[in-house]
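Trainee: To start, I am sharing the structure in question, which I have written as structure tokens.
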Amino acid sequence: MPELRKDPVIGRWVIIAVERSRRPKGFKAPSHQTTEEDCPFCEGKESQTPREIFAIRKEGSAPDKPGWDTRVVPSKRPFLRVEGNINRHGRGLYDVMSGIGAHEVIIETPKHIGNIADLDETQIAKTVTCWIDRFVDLSRDERFKYVLVFKNYGTAAGAGRVYHSRSQLIATPVTPKRVKEELFGSKKYYDYHERCVFCDLIHQEMESKDRIVLDFDGFIAVTAFASRFPFEVWILPKEHNCDFSRMSVEKRLYLGKVLKKVLTKLKIGLEDPAYNIVLHTAPFRRKKAKAGYWKTIEDDYHWHIEIIPRLGSPAGFEWGTGFYICPITPEDAAQYLREVEA
Amino acid sequence: MTELRRDPIVGRWVIMEMDQPMTPKDLHMAPHHYEDTANCPFCYGNEYMTPPEIQAFRNPKTEPNTAGWQVRVIPNKFPALQIEGNLDKRGLGIFDLSNGIGAHEIILETPYHEKDLPDLELGEIENVLRMYCLRSKDLQKDKRFKYIMIFKNYGSGAGATLDHNHSQLIALPMIPKNVIEELNGSGEYFDFRERCIFCDMIRQELDEKERIVTQNDQFIAFCPFASRFPFEMWVMPKEHQLFFHDSSDSDIASMARILKEVLAKMKTVLNDPPYNFIIHTSPIDGEERQGYHWHMEIMPRLSRIAGFEWGTGFYAVSTPPEVAIKYLRDARI
């Protein structure tokens, strides 16, 4: 009998096909793009990208020259542009504003390596530092409300032709809908229980252990109870914190370790699948904001990372309903991932 | 420069590329290719390969589960939900769950393996639509169900697992989230203005004429202002109607005409792309929601949804609707 499960934060139902649970081998992982000879993201090719915004470099090296560990550049094909005013207006029934924002690419290694799982944890920690530095810098721009850090790995996950490990961030002038749903869901839970729903979730997962993939160094990786996708994994800091940019240098290294471990398990267990990573953190909080709008956010929200392997493509039913059909239970997925040696 | 547009019903923002919109050529579609005609369980003569039929339009004096049908409905062999049992909702700590009660049916639109919906005659399309209505009305009697979703996945890029054309119906014990958002958005609008937001949208589209693909006496097809996908189209009855399954014979005839035209245009312009369509109609939980208006959403699957879209629910669209309709309007079919 299939099972319907409700995401406790935003209230989305998913269908989990309990009995038809396919063995992980049953999924065909989409193949990656081939290696490119003229990769613009490799060390020595700095002139092929727009000028860098930020970099972690060896002492004495100059911007846009070799000698970096991680490097942040503006996107060559930005979804949103940084210059201009927001200019909100109406067109009859419809609301419009100009496409203001920032779209940056974080190059995670000077070497031609495609999967972040193959970088060492100190290198991944440097990527985390880039995310944080850019996040803090963009928070000073009053036009922006939110920054999404994300990653597309493999063409099936929407990555371009270039095979070089990178993440992206986009600053938006509005709080995105999906994030808002999470924020409202957490606030509602907090208003009633006076507890953080994510902290409660962590406690419950640690008690049942059914869905735990990893648990060490202050982070927990679990397969989501109401997974939308097979092998969907969430990484959460065990200590309550709504804002990822406050992470200490030490914790960044721990996060690097956990990310490496989880992504390596996915790579080995699912034969190098395409995947997306998104980081959900609290939106920028400014005095000007509507009084009381996010009054309890410090206590009610909890930042986390969602990893979605792209093993199948959602079809009409999922688009139309927002109701996902997941062909494997998260309990089976977690067990499988626990057993993968990484 | 891009433009941000907000869907007036659910409040979702999309990013629209205005300066360098992608044209159908940029979208590089490989045309749909039919395979596996020999052992198709949905073809004439292979009726024994499917579960027994639930309902069919067939030639007089033909037996169920034999050849001689025009439209045939069967249970899904691998249903996402199962029809037997009582709904059992329960909690598990902070989590909520329920057993997977529901109906999952396959509607075979034609016995011909290599014909998609727009390749059929108008009368045949009418039969398909009529069958959608009949199945909906039948399942509506089951008090366990709150929502009926009719949809189609065409091509493997849109999630179809079998080649032979078919649409699907799923009856659900709860109202799905996307529909709730539409119901809430249109409900609030109705409470404040005492008008239907979809009717207002149709009025504005008819006024501006910038996004209309085609229309007839009873239906309009347009590319929505805040499209999530390039070449997304919505088909709507011009008259305010809550339930798709209440469509009259003349509604069905008009809808068949507009659907054939719109799907054929899409096929020509985008080189037979994979697509999904879904019918959004009012829930069948007994409540009457005056602010809602049923419609069909058609989404060609041209772009991949990546991390940004998943993480934010914010879509980036490379072809604005005003550009898309230029191609669709001029398409020769």
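Trainee: Looking only at the stretch A:232-252, decide whether some residue is in contact with a Pro (Cβ under 7 Å, 6 or more places away or on another chain) and of a type in the set (S, T, N, Q).
Mentor: No, there is no match, as no residue in the stretch A:232-252 is in contact with a Pro (Cβ under 7 Å, 6 or more places away or on another chain) and of a type in the set (S, T, N, Q).
Trainee: Also: Anything in the stretch B:268-293 that is assigned to a loop (DSSP other than H, G, I, E, B), of a type in the set (S, T, N, Q) and crowded, with 22+ Cβ neighbours inside 10 Å? List them, or say none.
Mentor: B:Thr281, B:Ser282
Trainee: Shifting gears a bit: For the stretch B:86-166, please list each of the strands (runs of 3 or more DSSP E) lying entirely inside it that holds at least 2 residues being modelled with pLDDT under 90.
Mentor: Strands (runs of 3 or more DSSP E) meeting the threshold: B:89-92, B:95-99.
Trainee: If you take just the strands (runs of 3 or more DSSP E) that sit entirely in the stretch A:274-336, which of them hold at least 2 residues that are at pLDDT 85 or above, more than 10 Å from chain B (Cβ to nearest Cβ) and more than 24 Å from B:Asn99 (Cα to Cα)?
Mentor: Those strands (runs of 3 or more DSSP E) span A:304-309.
Trainee: Looking only at residues in the stretch B:172-188 that are among the charged types (D, E, K, R) and at pLDDT below 90, which one is farthest from B:Gly100 (Cα to Cα)?
Mentor: It comes out as B:Glu181.
Trainee: Still on this structure: Can you tell me which residue in the stretch B:167-178 is surrounded by the fewest Cβ atoms within 10 Å (Cβ to Cβ), limited to those that are in a strand (DSSP E or B) and among the polar types (S, T, N, Q)?
Mentor: B:Gln168
Trainee: Can you name every residue in the stretch A:56-104 that is surrounded by 15 or more Cβ atoms within 10 Å (Cβ to Cβ), over 30 Å from A:Ile124 (Cα atoms) and without any contact (Cβ under 8 Å) to a residue 60 or more places away in the chain?
Mentor: Correct list: A:Leu93, A:Tyr94, A:Asp95, A:Val96, A:Ser98, A:Gly99.
Trainee: Take the residues in the stretch A:105-118 that are part of a loop (DSSP other than H, G, I, E, B) and surrounded by 19 or more Cβ atoms within 10 Å (Cβ to Cβ), then tell me which one is modelled with the lowest pLDDT.
Mentor: The selected residue is A:Gly114.
Yes/no per residue for (1) under 17 Å from B:Met131 (Cβ atoms); (2) free of Cβ contacts under 8 Å to residues at least 60 places away in the same chain:
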position	(1), (2)
B:His245	yes, no
B:Ser248	yes, yes
B:Ala253	yes, no
B:Leu259	yes, no
B:Ala264	no, no
B:Thr268	no, no
B:Asn271	no, no
B:Asn276	no, no
B:Gly286	no, yes
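Trainee: In this structure, does B:Arg144 turn out to be under 18 Å from the mean Cα position of the chain (by Cα) and among the charged types (D, E, K, R)?
Mentor: no
Trainee: Those residues that are surrounded by fewer than 22 Cβ atoms within 10 Å (Cβ to Cβ), in contact with a helix residue (DSSP H, G or I) (Cβ under 6 Å, 6 or more places away or on another chain) and of a type in the set (D, E, K, R), I need them from the stretch A:239-271; list them, please.
Mentor: If the condition is that a residue be surrounded by fewer than 22 Cβ atoms within 10 Å (Cβ to Cβ), in contact with a helix residue (DSSP H, G or I) (Cβ under 6 Å, 6 or more places away or on another chain) and of a type in the set (D, E, K, R), then A:Arg252, A:Lys257, A:Lys260, A:Lys267 are the ones that fit.
Trainee: Count, please, the residues in the stretch A:183-197 that happen to be within 27 Å of B:Asn178 (Cα to Cα), more than 10 Å from chain B (Cβ to nearest Cβ) and not basic (Lys, Arg).
Mentor: Of the residues in the stretch A:183-197, 8 are within 27 Å of B:Asn178 (Cα to Cα), more than 10 Å from chain B (Cβ to nearest Cβ) and not basic (Lys, Arg).
Trainee: Look at the stretch B:84-107 and say how many of its residues are surrounded by fewer than 17 Cβ atoms within 10 Å (Cβ to Cβ), within 11 Å of chain A (Cβ to nearest Cβ) and farther than 15 Å from A:Phe225 by Cα.
Mentor: 5
Trainee: Then there's this: Which residue, of A:Val213, A:Val147, A:Val174, is within 11 Å of another protein chain (Cβ to nearest Cβ) and either at pLDDT 95 or above or surrounded by 23 or more Cβ atoms within 10 Å (Cβ to Cβ) (or both)?
Mentor: That would be A:Val147, the only listed residue that is within 11 Å of another protein chain (Cβ to nearest Cβ) and either at pLDDT 95 or above or surrounded by 23 or more Cβ atoms within 10 Å (Cβ to Cβ) (or both).
Trainee: Take B:Ile252 and decide whether it is assigned to a helix (DSSP H, G or I), in contact with a Leu (Cβ under 6 Å, 6 or more places away or on another chain) and at pLDDT 95 or above.
Mentor: Judged against the criteria, B:Ile252 is a match.
Trainee: Just need a number here: residues in the stretch B:185-213 that are surrounded by fewer than 19 Cβ atoms within 10 Å (Cβ to Cβ), away from chain A (no Cβ under 14 Å) and in contact with a helix residue (DSSP H, G or I) (Cβ under 7 Å, 6 or more places away or on another chain).
Mentor: So the answer is 1.
Trainee: Could you list, in sequence order, the residues of the stretch A:161-202 that are among the acidic types (Asp, Glu) and assigned to a helix (DSSP H, G or I)?
Mentor: Answer for the stretch A:161-202, where residues must be among the acidic types (Asp, Glu) and assigned to a helix (DSSP H, G or I): A:Glu181, A:Glu182, A:Asp191, A:Asp200.
Trainee: Within the stretch A:158-169, is even one residue buried (at least 22 other Cβ atoms within 10 Å of the Cβ), facing chain B (nearest Cβ under 9 Å) and under 19 Å from B:Val14 (Cα atoms)?
Mentor: no
Trainee: Is there a residue being exposed (fewer than 14 other Cβ atoms within 10 Å of the Cβ) and within 11 Å of chain A (Cβ to nearest Cβ) anywhere in the stretch B:20-29?
Mentor: Looking for residues that are exposed (fewer than 14 other Cβ atoms within 10 Å of the Cβ) and within 11 Å of chain A (Cβ to nearest Cβ), one finds at least one in the stretch B:20-29, hence yes.
Trainee: Can you tell me which residue within the stretch A:98-117, out of those that are hydrophobic (A, V, I, L, M, F, W, C) and within 15 Å of A:Ile170 (Cα to Cα), is farthest from the chain's Cα centre (by Cα)?
Mentor: A:Ile100
Trainee: When the residues of the stretch A:203-254 are filtered to those that are of a type in the set (A, V, I, L, M) and in a helix (DSSP H, G or I), which remaining residue is nearest to A:Arg134 (Cα to Cα)?
Mentor: A:Val249
Trainee: Still on this structure, I have one more. Working carefully through the options B:Lys260, B:Lys326, B:Lys265, find the one that is buried (at least 23 other Cβ atoms within 10 Å of the Cβ), assigned to a helix (DSSP H, G or I) and charged (D, E, K, R).
Mentor: One residue alone meets the criteria, B:Lys265.
Trainee: Here's something else I'd like to know. How many residues does the stretch B:288-333 contain that are within 30 Å of A:Val179 (Cα to Cα), without any contact (Cβ under 8 Å) to a residue 40 or more places away in the chain and either among the charged types (D, E, K, R) or away from every other protein chain (no Cβ under 14 Å) (or both)?
Mentor: 2
The values are calculated or read from the model by the stated rules, or taken from the named source; none is laboratory data. All of these numbers come straight from a predicted model, not from anything done at the bench. Using ideal geometry, Cβ is built from the backbone for each residue, glycine included, and neighbour counts are taken over all protein chains shown.
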